[in-house]
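Since every read-out is calculated from the coordinates, none of them should be taken as a lab result. Treat the numbers as computed from the prediction; the structure is a model and nothing was measured. Note that we place each Cβ from the backbone using ideal geometry, even for glycine, and neighbour counts take in every protein chain shown.
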Amino acid sequence: MPKIAIVILNWNGEALLREYLPSVLENSGDADIYVADNASSDDSVAFVRTTYPSIKIIQNPINGGFSKGYNDALKSVEADIFCLLNSDVEVTKDWLGPIIKAFSNFPQTAIIQPKILDLKRRDYFEYAGAAGGFIDQLGYPFCRGRIFQALEKDHGQYDDITEIFWATGACMFIKSDVFRILGGFDEDYFAHQEEVDLCWRAQNHGYKVHYVGTSHVFHLGGSTLSNMNPKKTYLNFRNSLYSITKNLPRKKAFPIIFMRLVLDAIAGLRFIFQLKGNHCFAIVRAHASFYRNFSKMYHKREKANFMLKYYATKSIVWSHFVNHIKKFNILVKD
């Protein structure tokens, strides 16, 4: 049996730890459980230390966000497989068994995610990951079970085991040796879409990413930043451009970046018409940051075999907003 370490990144999340740690302790068997604290100012560490002495605590000196927080914490963790678990996730009985079996059955697979259901509406998929992540030709991410804000009800339609493009950072299993080979998350992302970049780099190195629908967890979501927070808009738009720059062949990356900049501008105008000017300004800031950091991102490009067929559809924007497609299975048939 591989040794699994469940690592929960925390920042001022005492209330979340009180609510969701019991399910992790009850349902995780012999796995080691860690709380990696990102310099919290609340009583998170004291609570875990006194209430759950069996949980190991890692204290990061600063709040480096999701990327640096995990990179720093995982240097202190010894395991065959890391489970990166959000503090607002409720796990279920036997959730680890199907994951371990899948790693055994698919030796080339380095990253796995379970089914992610909504904690508030338990028969619906949850925004962050749903039934596995994909991107379109222009690098826009979406999920089986979630296209933009359209969430599907879980009818068992995704109770399969299949390859996906990216696994959610809300509950991601990754082989520790692969995490280290890849150099962990890109810390320039801070938060949001760093998991897309990590999975993309893994596939450029010949590894595979899987979804295991026979394991499921419930995710609260929006505990750090809600889906409609302007800071999240800023990070998502900027970091997506970072990933395209780093992970596509140059002849493909440059035309796609140009098209993205145009479409992002249209998205900004749409925000203005929706009276969400702060989100439009977030896109402007995202582009400005991308321009400033373009050279840095370009020089991070690795000498790897770039994936040429990386996308599930040419344009998820066109499919959803023009053709009004809201379900992944219809998208595939379209």
What order do you get for T233, T214 when you list them from fewest to most C-beta neighbours inside 10 Å?
T214, T233
Taking a ≥ b ≥ c as the square roots of the Cα gyration tensor eigenvalues, with a/c under 1.5 meaning rounded and otherwise prolate when a/b beats b/c, else oblate, which class fits the chain?
rounded
Spin-label model distance (nm) - K252 vs D43, 7 Å beyond Cα toward Cβ
5.3 nm
Once a ≥ b ≥ c are taken as the square roots of the eigenvalues of the Cα gyration tensor of the range 230-333, is the result rounded (a/c under 1.5), prolate (a/b larger than b/c) or oblate (a/b not larger than b/c)?
oblate
So for the chain, taking the charge dipole from beta-carbon charges (+1 Lys/Arg, -1 Asp/Glu), which of Y127, I147, P107 sits furthest toward the positive end?
I147
Please give the helix 96-105 orientation as an angle from the longest Cα principal axis of the chain, in degrees from 0 to 90, rounded to the nearest 10.
60 degrees
Going by average Cβ density within 10 Å per residue, which order do the peptides 83-90, 36-43 take, highest to lowest?
83-90, 36-43
When F290, F47, F273 are arranged by how many other beta-carbons sit within 10 Å of their Cβ, fewest first, they go F273, F47, F290
What ranking do 170-181, 70-81, 109-120 get when scored by the average of other Cβ atoms within 10 Å per residue, highest first?
109-120, 170-181, 70-81
Which of Q137, L198, N329 sits closest to the plus end of the dipole of the chain, meaning its Cα is farthest towards the positive end, when Lys and Arg get +1 and Asp and Glu get -1 on the C-beta?
Q137
Unit charges at the beta carbon, dipole of the chain: most positive-side option, A170, G97, V317
V317
What FRET efficiency comes out for the pair E78/H205, r = Cβ-Cβ distance, R0 = 35 Å, nearest 0.05?
0.95
Placing each pseudo-label 7 Å from Cα in the direction of the beta carbon, I266 and V284 end up separated by a distance in nanometres of 2.1 nm
If the chain between S295 and K326 were fully extended at 0.36 nm per residue, the gain over the current Cα-Cα distance would be 7.5 nm
Rounded to the nearest 20 debye, dipole of the chain from Cβ charges on Lys, Arg, Asp, Glu:
1540 debye
Determine the relative contact order of the chain: mean sequence separation of Cα pairs under 8 Å and six or more apart, normalised by residue count, in whole percent.
19 percent
Using the Karplus equation 6.51 cos²θ - 1.76 cosθ + 1.60 (θ = phi - 60°), what ³J(HN,Hα) coupling, rounded to whole Hz, does each residue of the range 305-322 give in order, writing x for Gly and Pro?
7, 4, 5, 8, 10, 9, 10, 8, 7, 6, 8, 6, 5, 5, 4, 7, 8, 9
Gap separating the Cα centres of the range 210-266 and the range 104-170, nearest whole Å:
14 Å
Arrange the following residues from fewest to most other Cβ atoms within 10 Å of their Cβ: H192, H299, H205, H320.
H299, H205, H320, H192
